[in-house]
Amino acid sequence: MKFIRIFTPSPRTARLRIATGTLLWLILLTGFNLSSRAETPIFNGTNLDGWEGDSKFWRVENGAIIGETTADNPTPNNTFLIWKQGEVDDFELKLRYRIPSDWANAGIQFRSEDLGDHVVRGYQADIATEDWITGIIYEERGRGIVARRGQRVEIGDGQNSVRVLEEFGESAALGERIHSKDWNEYHIVAKGNRIVQHLNGHRMAEVTDRGERDARLSGILALQLHSGPPMRIEVKDVRLKRLPLEDGRRKVVMVAGSRSHGYGAHEHNAGTRLFKRLLDEGMPSITSTIYHNGWPKDPTAFDNANAILIYSNGGGGHPVLPHLEQVDALMKRGVGLLCFHYAVEVPKGDPGEHFLNWIGGYFETHWSVNPHWTLQETRIAPDHPITRGVRPYEINDEWYYHMRFRENMDGVTAILSATPPESTLERPDGPHSNNPHVRAKKGQPQHLLWAGERADGGRGFGFTGGHYHWNWGHPGQRTLALNAIVWAAGAEVPTDGVPSRRLTLEDLEANQDYSPPDNFDRERIRRQLDEWQSGEAATR
C-alpha cells in the first residue's frame, strides 16, 4: 500500500486517510499477535492503592484519578503519580481521560525509570490542551519529541535521531478526533521495540526504537502533571494487558520473600537483584522483573511470564500456599518454576503433591533435613544444559538433603549430588534436623540440585543451597543458578554457561535487608572470593 503526502487535504481525503490509518492499526494488531488474556483494571476507582505520588496534587473523586495544580498550589517541576505494583514490558494499556480546565499539559509514562521524589524519565504518551501535542510520543528527560501526530518513525540514540518513515495522517485532521473537555480513550501498545498510540479508535503515532543505548524494553507506568499554569486532568478505567515477548526474548518473574535471617543470610531481595543484574549483563534475551517482599500485588504479574523464580522463606509461610490454584494454571500453560533454598519446602499433602508435579521434588518435614556442611564427592550431571561451564566444587552452605522426589525420579535429573558427612546426622530427631529415614541412607549420595520436566512441557528446578549470600560469589554456584533460570524459561543456555563477571564484596553487600554487624569481617570474605575465583579458573 503506497502513501502519498498531501499537504492540503480536502475533508474527504482527511477522513479517508484517518480511516486508512484505522485499517492499518488493525493490521498492526494482527501482526503483533496480541494475547487473548483479558484486560485487567489497575486502578480500583476508589483510592490510590497501588499508586504513589505527591498527595498535594493527586487524589480520587467520583471514580477518577484527579491530578490538579492551582495558583495557590503549583508544582515547580513536572510531578508524577507512579503505579507501584510492578513494571511493564510488552503490553497494551487503555485508559480514559479528560481535561476540564482551560489549560493542561500532562501525559502517560510507560517503560520509564523512577528517579525518586516523584520524578520519572522515559517514554510518554502526551496529553495537552495545545492543539498539536495530544497523541505525540515524547521522551521525558530524554530525546524529546520522537514522533509527531500522524507519523511513523524510527529513532536511534540521542537527540536528532528521528527518521520519518511515513506520514499516515495530517495532524490537524487527527486532532479533530480528540474530544475537548470530554472523555477520550488512549490505547498504547508496546511490543518489542515498537510503540503505537491510538486515541478514540484512531492511530496517532508510531515509533520503532532502534537505539542501542537509549531504547527501553521495560519500566514503570506513571501519570504526569506538567509544571506551569493551573490545570486539572481526570483519568479513569485504567486497564493493562501484558503481551507475550517477541524476538526470542523470554521473561522471568522473580518473587523475593521478606527479610529473614540477618545480614548475609536468606538475602532474598539482594539475591534476586543480583540475578537480575547479571542476566541483564550476560543474557539480554532474558527479561526479568522482581516483586519484593512476598507475593505480587500486581494482578497481571505472571500473565506473560515464561518462568517464575521464588527465593523466599518456605514451610507453612511459603508465599505460594494461598495461590496453589493460580500457580497450577500457570504450570499447565507451560510456565517454568524455580525454587531456591527455603522456598523448596512446603507442607506435605496438597502443596507437596503440587511441588512434585511442578518441579519434581520438595523438602518434606520429618523426611528431609537441613544441616550446614561442605560439599564432598560432588557429582554434576555431565550433559545437562544447567551444568554448562561448571566443574565440581566444594563450598559450605545449608545444603538440604533427602528430598522427597517423584516416584522413580520420573522426569527428574539430579543436577548436583554429594555425599553428606556423618556429622550431619548428629542432631536429635525433629521436623528438619534428623530422622530414621535419613539415617538409613547414611553414606549415600544425595541430590541437592535437580531439574524436573513436566508432561505439559514446563520445567522446574530446585536449589537447596543459597543460605549464605556470599556464596553467589563462587563462579560455579552462581553459574548453576543463572543457567537454571535461563533453562527453566525455555531459552538456550550458552555452551560455556551464562557469562557473568567476577563479583566483588561491594556487589554482594548491595541491597541487603540488614545492616552489617560491628564484627563483620570483610577481609575474610574478600579472601574467600579471591580463592574461589582463582580455584574456579584453574579448573576450566
When the accessible area of the chain is computed with all protein chains present and a 1.4 Å probe, what percentage of it is carbon and sulfur? 46 percent
Taking a straight Cα-to-Cα line shorter than 14 Å from residue 56, and setting aside same-chain aspartates and glutamates fewer than 8 residues away, one finds 68, 72, 117
Average projected area [Cα convex hull, the stretch 292-392], square nanometres: 8.3 nm²
For Cα pairs less than 8 Å apart in space and 6+ apart in sequence, what is the mean separation divided by the residue count of the chain, i.e. the relative contact order in percent? 13 percent
Contour minus Cα-Cα span, residue 177 to residue 70, at 0.36 nm per residue, comes to 35.7 nm
Can you give the direction-averaged projected area of the convex hull of the alpha-carbon atoms in the chain, in nm²? 28.4 nm²
Cα-based Kirkwood hydrodynamic radius, the stretch 116-158, one decimal, Å: 11.3 Å
Extend 7 Å from the Cα of residue 515 along its Cα-to-C-beta direction; within the stretch 232-263, residues with backbone N under 20 Å of that point are 259-263
For a quick size check, give me the Cα extents of the stretch 300-354 along its three principal axes, largest first, whole Å. 28, 20, 16
Which distance in Å, rounded to a whole number, links the C-alpha centroids of the stretch 396-413 and the stretch 31-106? 47 Å
What nm distance separates the two modelled labels at residue 442 and residue 101, each placed 7 Å from Cα along Cα→Cβ? 7.8 nm
Using the Karplus curve 6.51 cos²θ - 1.76 cosθ + 1.60 with θ = phi - 60°, work out ³J(HN,Hα) for each residue of the stretch 376-384 in order, rounded to whole Hz, and write x for Gly and Pro. 9, 6, 5, 10, 10, 4, x, 10, 9
Cα-projected label distance for residue 56 with residue 247, points at 7 Å along beta-carbon direction, nm: 4.1 nm
Quick check for you: which residues of the stretch 228-255 have the amide N under 14 Å from the point 7 Å beyond the Cα of residue 40 toward its beta carbon? 239-244, 253-255
Set of lysines with alpha-carbon distance to residue 84 below 16 Å, sequence-local pairs under 8 removed: 297
Using the Cα gyration tensor of the stretch 268-313, with a ≥ b ≥ c the square roots of its eigenvalues, what is the shape: rounded (a/c below 1.5), prolate (a/b larger than b/c) or oblate (neither)? oblate
Order of 434-445, 245-256 by packing, highest average Cβ count within 10 Å first? 245-256, 434-445
Placing one equal point scatterer on each C-alpha of the stretch 236-329 and summing with Debye, one gets log10 I(q)/I(0) at q = 0.12 Å⁻¹ equal to -0.43
Normalised by the empirical 2.2 N^0.38 Å for globular proteins, what value does the Cα Rg of the stretch 126-257 take? 1.14
For the stretch 449-482 versus the stretch 239-305, the gap between their alpha-carbon centres in whole angstrom: 15 Å
Trypsin sites (Lys or Arg not before Pro) within the stretch 117-181: DSSP coil, no more than 13 neighbouring Cβ in 10 Å: 181
Could you bin all the Cα-Cα distances of the stretch 178-227 into 5 Å bins starting at 0 and give me the percent of pairs in each, rounded to whole numbers? 5, 16, 19, 23, 20, 11, 5, 1
Through the Karplus equation 6.51 cos²θ - 1.76 cosθ + 1.60, θ set to phi - 60°, convert the phi angles of the stretch 189-198 into ³J(HN,Hα) values in whole Hz; use x for Gly and Pro. 10, 10, 9, x, 9, 9, 10, 10, 10, 10
Between residue 522 and residue 263, what is the label-to-label distance in nm when each label sits 7 Å out along the Cα-to-Cβ direction? 1.0 nm
Please work out how much length the chain gains when fully extended from residue 455 to residue 164, using 0.36 nm per residue of separation minus the C-alpha to C-alpha distance, in nm with one decimal. 99.9 nm
Check cross-link reach from residue 94 to the aspartates and glutamates: straight Cα distance under 13 Å, and skip same-chain residues fewer than eight apart. 39, 185, 237
Once Rh is set to the Kirkwood radius over Cα pairs, what Stokes-Einstein translational diffusion coefficient, in µm²/s, holds for the stretch 124-201 at a temperature of 4 °C and a viscosity of 1.567 mPa s? 99 µm²/s
A convex hull over the alpha carbons of the stretch 72-154 yields, per residue, a volume in Å³ of 135 Å³
Kirkwood Rh and Cα Rg combined as Rg/Rh, the stretch 475-540: 1.06
Taking 0.36 nm per residue of separation and subtracting the Cα-Cα distance, what length does fully extending residue 185 through residue 429 add? 81.4 nm
Name the shape class, rounded, prolate or oblate, that the alpha-carbon gyration tensor gives for the stretch 392-513, where a ≥ b ≥ c are the square roots of its eigenvalues, rounded holds for a/c under 1.5, and otherwise prolate holds if a/b is larger than b/c and oblate otherwise. oblate
I need the fraction of alpha carbon pairs in the stretch 347-453 separated by more than 19 Å, rounded to a whole percent. 45 percent
Amide H contacts under 5 Å for residue 128, restricted to residues at least 5 apart in sequence or on another chain and with H modeled in the peptide plane, are 106, 134
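The values are calculated or read from the model by the stated rules, or taken from the named source; none is laboratory data. Since this is a predicted model, take the numbers as computed values, not measurements. Reconstructed Cβ throughout: ideal geometry from the backbone, glycine too, with neighbour counts over all protein chains shown. SASA here: full protein model, heavy atoms, side chains in, ligands and nucleic acids out. Shrake-Rupley method; radii C 1.70, N 1.55, O 1.52, S 1.80 Å.
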